[in-house]
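Taking it in order: structure first as C-alpha cells, then the write-up.
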Amino acid sequence: MLEQCGDCQKKLRIVDCAKGLKDNVKKIGGGRNIGFLLRSLTPGGAEKQAMILARLLSGRHTVHVFVYYPEQVDHKFLDRIAVTSVDIISLHGSWLTKPFSFYRELKSRNIEVLFTYLLLANMVGGIIGWLAGVKLKVGGIRNSVLDPKKEPAERFLHNYVNNLSIFNNYCGVTLLGQKGFRKEKAVVIPNCFDIGKKLVVHRPERLVTILSVGRFTNQKDYLTAIRVMSKLKSDGLSFRYLAVGWGDLEHQVRQWVAEFDLTDRVEIVINPANMDDYYRDADIFLMTSLFEGLSNAVMEAMSFSLPIVATRAGDNGRLVDSEKNGFLAEIGDVPTLAKGLSELISSPRMRNEFGARSYEKLKNEYGEERFVERYEQFIEQNVK
C-alpha cells in the first residue's frame with residue numbers, strides 16, 4: 001500500500017491491489033468506471049493534470065488511479081492535490097507479473113475508459129486494456145517533440161493500439177502528424193488550472209525577481225537562461241534570478257552560473273515544498289525551453305498574475321499574447337529574451353498590467369469548468 005502522510009489520509013482512498021476486490025465496483029448513477037494509469041505519483045505535469053481530472057470526473061463517475069511504480073511517490077505533491085472519492089491502486093510484482101495484476105484490476109473493476117500518460121503507461125494501458133476488454137483506451141501525448149528513441153513506439157501505440165490519443169497542445173498534432181502520427185486519432189484538450197487565487201498585485205519598490213520553474217534537463221535550455229541573465233547584468237540592470245527545479249543537469253547549471261559570474265544574481269532552488277510562495281513573490285516568469293506541449297509552469301505563473309517572457313516552444317504562443325501579457329522570442333534568441341525582460345524590469349506599471357492580463361486569460365480560457373466539460377463531451381462521444 002502507498003504510505004499515507006498528513007492530509008493525504010483525508011483526501012485519498014488508497015487501495016493495495018495485491019489484496020484485490022471481490023466485487024465489481026458499482027457505477028455512480030449515469031456515470032462510468034474510469035481508470036487512469038500513471039507511471040508514478042511525482043510532481044510532473046502529466047501526473048498533476050491526471051489527478052486534477054480524476055478529481056473533477058469523480059463527481060459523476062467512479063474513478064480509479066493505477067500507479068505502476070508505487071514506490072515513486074512524492075507526498076508533498078499529494079498534499080497539494082486535493083482528491084476526493086478516488087481510489088489510488090498501487091500495482092505490485094515483477095516486470096513480468098505486474099501486467100497480470102493490472103489486467104485483473106481492470107477486469108474486477110469493470111473499467112470502461114482508460115486514460116494513460118506518457119510512453120510506459122501508453123504501452124501497458126493500450127495492450128493490457130485491449131486484453132481486458134476496455135471499451136476506450138486513450139493515450140496521452142504531452143509534448144510537441146518526442147525523444148527520438150521513444151518516438152517510433154509512441155507512433156505505433158497511437159496509430160494501432162490505443163483508440164485515440166489526447167494531446168494537450170496543438171503544436172504536437174501538427175509536428176507529429178508530419179512524422180506519421182494519424183491526425184484523425186488525435187484529440188486536443190488543453191491543460192487546466194483551478195484559478196482559486198485572487199489577482200496578485202506585485203510590489204514595485206523591491207528588487208525585481210525573475211523566476212523559472214522546470215526540470216534541469218536539456219529540454220529547458222537553462223544555458224540560454226543563464227546567458228540572458230549575463231546580458232542583463234552587463235547592461236547594468238538590477239534583478240535576481242531564481243531557477244527552481246530538479247534533475248540530472250543541476251550540477252551543470254550551477255557550473256554555468258559560476259562561469260558567467262552570476263553567483264550574486266542567481267539562486268538555484270531544488271524542489272521546494274512551498275512552490276506557491278516562489279510564484280507569489282516573483283515579478284516576471286521566464287521560460288527558455290527548446291520544446292513544450294502546453295506548459296504547466298507558464299500556466300502556474302499566469303495564475304499568479306505574472307508577465308511571461310518565453311520562447312515560441314509548443315503552445316506558448318497560445319498562452320502568451322506578445323506585448324499584451326508578455327513577450328515571445330525564437331528558441332535560443334538571447335537578445336530578444338533579454339529585451340523583453342529589460343522592458344518589464346524597467347516598468348512596474350507594465351509588469352502589473354501584463355500580469356493582470358495573464359490572470360484573466362487563464363481564468364477565461366483554461367479553468368476547471370471548461371476542462372471537465374471537454375472531457376465529459378469526449379467520453380460521451382466516444383463510449384458507446
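Quick notes
- Kirkwood hydrodynamic radius of the range 209-365, from inverse mean 1/r over distinct Cα pairs, in Å: 15.2
- Against the rule of thumb 2.2 N^0.38 Å, how large the Cα Rg of the range 126-275 comes out: 1.41
- Long-range tail of P(r) for the chain (Cα pairs > 39 Å, %): 19
- Pair-distance profile P(r), taking every C-alpha pair of the range 129-210, with 10 angstrom steps and integer %: 16, 37, 19, 13, 12, 3, 0
- Exposed GluC sites (Glu not before Pro) absent: longest stretch of the chain, with sites in DSSP loops and at most 11 other Cβ within 10 Å deemed exposed: 72-204
- Cross-link reach list, aspartates and glutamates versus Lys185, counting only Cα pairs under 19 Å and skipping chain neighbours closer than eight places: Glu112, Glu151, Glu154, Glu376, Glu380
- Residue order, fewest to most surrounding Cβ atoms within 10 angstrom, among Phe354, Phe239: Phe239, Phe354
- Measuring nothing but alpha carbons in the range 224-295 and taking Rh as the Kirkwood radius, the Rg to Rh ratio lands at 0.95.
- Order of His75, His251 - criterion: other Cβ atoms within 10 Å of each residue's Cβ, fewest first: His251, His75
- Distance violations [Cα-Cα > 23 Å] among Lys107/Lys137; Lys324/Lys363; Lys48/Lys137; Lys149/Lys179; Lys48/Lys149; Lys150/Lys384: Lys48/Lys149; Lys150/Lys384
- Exposure proxy order (Cβ contacts within 10 Å, fewest to most) of Thr288, Thr116: Thr288, Thr116
- Theoretical ellipticity at 222 nm over the chain - DSSP helices of four or more residues, -39500 (n - 2.57) apiece, nearest 500: -11500 deg cm²/dmol
Any read-out appearing in this document is the output of simple, stated calculations on the displayed coordinates, not a laboratory observation. The structure displayed is predicted, hence computed values, not measured ones. Note that we place each Cβ from the backbone using ideal geometry, even for glycine, and neighbour counts take in every protein chain shown.
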